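The values are calculated or read from the model by the stated rules, or taken from the named source; none is laboratory data. These figures come from a predicted structure and were not determined experimentally. Neighbour counts are summed over all protein chains in view; Cβ atoms, including those assigned to glycine, are modelled from backbone coordinates with ideal geometry. Side chains included, ligands, DNA and RNA excluded: accessible areas come from the protein's heavy atoms. Shrake-Rupley method; radii C 1.70, N 1.55, O 1.52, S 1.80 Å.
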Amino acid sequence: MATPGIQNGGVTVMAAEPVVTPVDQNGHSAAALRLSSPIRIFLFFHKAIRTELDGLHRTALALATNTSGGDIKQLMEKCHFLRSIYKHHCNAEDEVIFPALDIRVKNVARTYSLEHEGESVLFDQLFTLLRSDMKNEESYKRELASCTGALQTSISQHMSKEEEQLFAPQRVIIANYFVDDSRQWVKVFPLLREKFSFEEQASLVWQFLCSIPVNMMAEFLPWLSSSISADERQDMRKCLQRIIPDERLLQQIIFNWMDGLRMSNKRKRYEDGPRLSSATEKGHCSCEFSRSAQSDLPLSDCHAISSSLYHPVDDILHWHKAIEKELNDIAEAARSIKLTGDFSDLSAFNKRLQFIAEVCIFHSIAEDKVIFPAVDAQMSFVQEHAEEESEFDKFRCLIESIESAGANSSAEFYSELCSQADHIMETIKKHFLNEEIQVLPLARKHFSPERQRELLYQSLCVMPLRLIECVLPWLVGSLSEEEARGFLYNLHVAAPASDTALVTLFSGWACKGSPRRMCLSSSAVGCCPAKELKEMHVGRSCSYACASTSDESTTLGQAHKCEETIKQGSIVASVGTIRKDLEFLDVESGKLGDCDETFLRQFSGRFRLLWGLYRAHSNAEDDIVFPALESKETLHNVSHSYTLDHKQEEELFEDISSALDELSQLHENLSAKNVAGNLGESSSGSLTGVDCLRKYNELATKIQGMCKSIKVTLDHHVMREEVELWPLFDRHFSVEEQDKIVGRIIGTTGAEVLQSMLPWVTSALTQEEQNKMMDTWKNATKNTMFSEWLNEWWEGTPAASTHVSTSENSISQGYDTHESMDQSDHTFKPGWKDIFRMNQNELESEIRKVSRDSTLDPRRKAYLIQNLMTSRWIASQQKYSQSRTGKADEGEDLLGRSPSFRDPEKKIFGCEHYKRNCKLRAACCGKLFACRFCHDEVSDHSMDRKATSEMMCMNCLQIQPVGPVCSTPSCNGLPMAKYYCSSCKFFDDEREVYHCPFCNLCRVGKGLGIDFFHCMTCNCCLAMKLSVHKCWEKGLETNCPICCDFLFTSSTAVRALPCGHYMHSACFQAYACTHYICPICSKSMGDMSVYFGMLDGLMASEVLPEEYRNRCQDILCNDCDRKGTAPFHWLYHKCGFCGSYNTRVIKVDQDHDCS
């Protein structure tokens, strides 16, 4: 039996040859531009859905606040209706719009399909709550309001994103469309308008409508029509006239639905059987078939159909037989494939399977929603139906596997194909047999023939038009002529009067499946419907639509975490913690209605912490992760939807923050009124205590709903990222590229943010996950001082250091002193007491161990050896200074225990180097100095500022532990400076300073991620404008080529050269006055085209002596690194490849003639 194809997911009312207008952004005709875009109908849908959502949430709020309008029964009805409407809206988008869009614009549609799944989960949660036993509890109503608010937020954001990304700006005004009426310019699907012609858009919208079940269309269009204004309704009617194929029956059906003319009363039944039309009685069928085939239509057949011995419900057996026959044919085809190994027509086989699977699914839906509830409310075959759908999915996946394997398909594939086909056939046969034994006898016994026909007609209307158009001729083709006449008779008698046009349409489609191509309609429809349908042709069928959903959808519950590098970086490592805090907000927000000031303050603080860390998370994605994905050609557009998510989520956070501020103010007012004892009184212009309490409770309920909304929104956002985005890194990025991305993310994260984020993140991770995350971070930051900073901060014990540096911004050595220098049991730990107890032989032995250790970096090795050789002197000096400090503590006055001034006239504390209100007590000698520079200028040793533990306030002259403020009561918390770094023990009262955890020192600037970022390869902080630069590994860990100062710890500005080398900015200014090449690699330090142009003019004006004119010189260009020849000159030689004069002579050929 031939299976009708469902061409491109459409209906054959549009089955003429596709007319695809060439895509041109300016290709719309003038007439088309004057008309509204067909895509505008989606905006009408969105407006109606928004209105329904708003009504649903207002009903739930009224129920929660015990105001008028709250009714649980009404809420349940609204939920059921909205779910049904929105579900079919989403299904139609998934089956028609998104597959078509995905062919023209990749990586856009899938995220919206995933959002549909998330919204379905929200509906499930809402209905679970509605069916729960908590209805008498006070918290139940508030939780209900929170769930409806979350649903409203999620769907509204989803539709807004579709309007912004899928819809393009069009200058059309729709009154009151947006929630904010001031926004009148409507956005219409940009990608659809940009990539599809007007005719293609019309075809897409028509396919969309034809994908909605018929029974839902009869409710959907009247509801939609009633949800928009009269002008919009007229506009929609004009759009539909352009969209619907130019055929009387179809237009009549759609506009009848739109006007709500489908009545509940049934058509008048014929007591003695239907009267045939005069044309049929006389044998004048209007079908263009042979007159002999139509001339004899015995009335006895119709009387037999209506006899009491005939049960209309037995028509279900026709469906069972047709499905079984089709499945048997598919199983035979599978066995033929196994025997021949020929799978040349795989797509046709797949379409055939797709068709019968869809028939079975809708047949199951009809039984579950129409037949079984009517026969026995307790009867259910839902589990069997779900198993059958799962088996069909497995079959489709197997076919796709064979198709992808192609010629490499093994015999196991074909054996499994046959096995799966036989299994499906046996499963469905068993299921059908159970239904025929359990269901049909009850239906025959308890229902009249009229009721049985009604159930069959309602079951057919569960299918969408596009499927019915293919199913009816397929079904009729499997029946005998008598069975077909009985089927159509039941169809016509059961249909209500308002469905005359619809049942005529069905009859015409059914007649196409007649084996003898004759009119089988036994209803007095006035003319043969087959003729009307034969004249139907609309050249709008799109060649781009898909036969099925483009990609196998992945449910949210099946999302698996990716274990690769990017998943263990700072972005995804925080996901579990975000979820944990969102759960906290969701649960604890229910307690805001009855809480004290402490709880409210803690809740607000937790919320603002989450907001700040989430903002860092989303900024990192927008600035680093998403551009990295978009840089891959195959991943264009994949992240745009998530960027829109971030904007919407930021607005949600701002709304919650404003609401919390207002709630705090109301709480203060209530507390004040309670203290004053005037809850019932009010001053002029202020709320009474009762009104204030009512407003407080309403606002607390609103915040609970908003917290539920942000939890749901972020949960779904994160889940979609895990399903769609993170697997892309495994497929398209190497581990090195992922490390670089993680490094860039961390490199824009300041020390303060890391100090807040790390405990927050690790609290939600297992020990193994913590280790993986930290291994990833350390691998990405292996060139930096991050491990040293992490050890100092995380362990709370700064590493002891004897590193001597030349600036206030210097850092301790790059290795923790607790780190072993070799792996032997005799590990050397450079603590001063241990060194002081060593004899000379032991010290020399340790120096030799360090010298032989091949794993140490040469610079690290030289540093350790130097410090070991001088360690006894350093230790003795330290011991001496400790003894001096002890004496001073016993009463002797400290040297420097007096204030110093940066500006003596204005009495501003500090020194010539820094403005600050304290002096530091050097750990090495115990003396007081305003800064380390002041110490080093008068001492024969250098001061290690990280070893500083005490300071002196220059206001009260009291020695105290180092800290940001003075601890003595007389100073009343006097700050020592605007900026204080507890790691570097650094104070500054004049400049903007930040601590870089990767340099592990303080730098001048606003901070990482603001005006600087840390490059993990170069290991230096660079301005944000240098995000694209030439990396030079540890390029700053060297001396300035001009002044020879160490650049990494330099307090003066450093300039990066185009070649990747660095020097001080001041040194560059002085050096560039006389040179233009890098002193290290000799490449040009800038754009020298103007200077080289001047040299061209000079060379052209010079005339060389006769004996030198034809002589050449071999040269090497410093800029392009290529060898060549140039005319002889005693100073300038131009490169013939790049035109640079930055060259050097490598050979002079006196005999070579350049002429």
**OP:** Just one of (1) over 17 Å from the mean Cα position of the chain (by Cα); (2) modelled with pLDDT of 80 or more; (3) open to solvent by less than 20 Å² (accessible area, probe 1.4 Å) trips up Glu583, so point out which.
**Re:** (3)
Original post:
Is at least one residue of region 1014-1035 closer than 30 Å to Leu928 by Cβ and of a type in the set (Val, Ile, Thr)?
Top reply: no
**OP:** Can you tell me which residue within region 671-714, out of those that are hydrophobic (A, V, I, L, M, F, W, C) and modelled with pLDDT of 85 or more, is farthest from Glu143 (Cα to Cα)?
**Re:** Leu714
Subject >> Candidate set: region 1067-1088, residues that are open to solvent by 70 Å² or more (accessible area, probe 1.4 Å) and of a type in the set (S, T, N, Q); chosen: the one farthest from the chain's Cα centre (by Cα) >> reply: Thr1074
**OP:** Output yes when any residue across region 611-623 is open to solvent by 40 Å² or more (accessible area, probe 1.4 Å), within 18 Å of Asn107 (Cα to Cα), out of contact with any Phe, Trp or Tyr (no Cβ under 9 Å at 6 or more places or on another chain) and not aromatic (Phe, Trp, Tyr), and no when none is.
**Re:** no
**OP:** Scan the helices (runs of 4 or more DSSP H) fully inside region 202-261 and keep the ones with 1 or more residues being over 22 Å from Leu467 (Cα atoms) and open to solvent by less than 10 Å² (accessible area, probe 1.4 Å).
**Re:** 214-226, 230-243
Subject >> Yes/no for Ser942 being in a helix (DSSP H, G or I), open to solvent by 40 Å² or more (accessible area, probe 1.4 Å) and touching a residue at least 12 places away in the same chain (Cβ under 8 Å) >> reply: no
**OP:** Might you check whether a residue that is outside any loop (DSSP other than H, G, I, E, B), surrounded by fewer than 19 Cβ atoms within 10 Å (Cβ to Cβ) and at pLDDT 80 or above occurs anywhere in region 168-189?
**Re:** no
**OP:** Search region 751-765 for residues that are open to solvent by less than 60 Å² (accessible area, probe 1.4 Å) and pair each with any residue that is basic (Lys, Arg) and in a helix (DSSP H, G or I) when their beta-carbon atoms are under 7 Å apart and the residues are at least 6 apart or on different chains.
**Re:** Ala764/Lys580
Original post:
Taking the condition farther than 14 Å from Trp319 by Cβ, open to solvent by less than 10 Å² (accessible area, probe 1.4 Å) and either in contact (Cβ under 8 Å) with a residue 40 or more places away in the chain or out of contact with any strand residue (DSSP E or B) (no Cβ under 6 Å at 6 or more places or on another chain) (or both), does Glu469 pass?
Top reply: yes
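Residues are listed down the side, and each one gets a yes or a no for (1) touching a helix residue (DSSP H, G or I) at 6+ places or on another chain (Cβ under 7 Å); (2) open to solvent by 50 Å² or more (accessible area, probe 1.4 Å); (3) at pLDDT 80 or above; (4) acidic (Asp, Glu):
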residue: Asp24; (1), (2), (3), (4): no, yes, no, yes
residue: Ser29; (1), (2), (3), (4): no, yes, no, no
residue: Phe45; (1), (2), (3), (4): yes, no, yes, no
residue: Leu82; (1), (2), (3), (4): yes, no, yes, no
residue: Val96; (1), (2), (3), (4): yes, no, yes, no
residue: Val105; (1), (2), (3), (4): yes, no, yes, no
residue: Thr111; (1), (2), (3), (4): yes, no, yes, no
residue: Gly118; (1), (2), (3), (4): yes, no, yes, no
residue: Leu126; (1), (2), (3), (4): yes, no, yes, no
**OP:** Could you tell me whether any residue of region 48-63 is open to solvent by less than 10 Å² (accessible area, probe 1.4 Å), at pLDDT 85 or above and within 26 Å of Gln201 (Cα to Cα)?
**Re:** yes
Subject >> Residue among Glu722, Glu737 that alone is over 18 Å from the mean Cα position of the chain (by Cα) and surrounded by fewer than 20 Cβ atoms within 10 Å (Cβ to Cβ) >> reply: Glu737
Original post:
Within the bounds of region 1039-1058, is there any residue that is more than 22 Å from Cys981 (Cα to Cα) and acidic (Asp, Glu)?
Top reply: yes
Original post:
If Val742 satisfies every condition in (1) crowded, with 22+ Cβ neighbours inside 10 Å; (2) under 30 Å from Thr59 (Cα atoms) but one, which is the exception?
Top reply: (2)
**OP:** Could you please find all residues in region 198-225 being charged (D, E, K, R) and over 18 Å from Glu52 (Cα atoms)?
**Re:** Glu199, Glu200
Original post:
Looking at this structure, is Phe1048 closer than 30 Å to Met1016 by Cβ, in a helix (DSSP H, G or I) and out of contact with any His (no Cβ under 7 Å at 6 or more places or on another chain)?
Top reply: no
Subject >> The listed residue being part of a loop (DSSP other than H, G, I, E, B), in contact (Cβ under 8 Å) with a residue 24 or more places away in the chain and hydrophobic (A, V, I, L, M, F, W, C), out of Leu1022, Leu1036 >> reply: Leu1036
Subject >> All positions within region 128-150 that are over 17 Å from Leu61 (Cβ atoms) and either of a type outside the set (A, V, I, L, M) or modelled with pLDDT of 85 or more (or both) >> reply: Thr128, Arg131, Ser132, Asp133, Asn136, Glu137
Original post:
Quick check: anything in region 747-769 within 24 Å of the chain's Cα centre (by Cα) and closer than 30 Å to Thr148 by Cβ?
Top reply: yes
Subject >> Positions within region 1097-1132 being of a type in the set (Phe, Trp, Tyr) and touching a Cys at 6+ places or on another chain (Cβ under 8 Å), in sequence order >> reply: Phe1128
**OP:** Being at pLDDT 80 or above and more than 41 Å from the chain's Cα centre (by Cα) narrows it down to one of Asp329, Asp376, Asp342, so name that one.
**Re:** Asp329
Original post:
Hey, among Ala923, Ala977, which residue is part of a loop (DSSP other than H, G, I, E, B), at pLDDT 90 or above and surrounded by 17 or more Cβ atoms within 10 Å (Cβ to Cβ)?
Top reply: Ala977
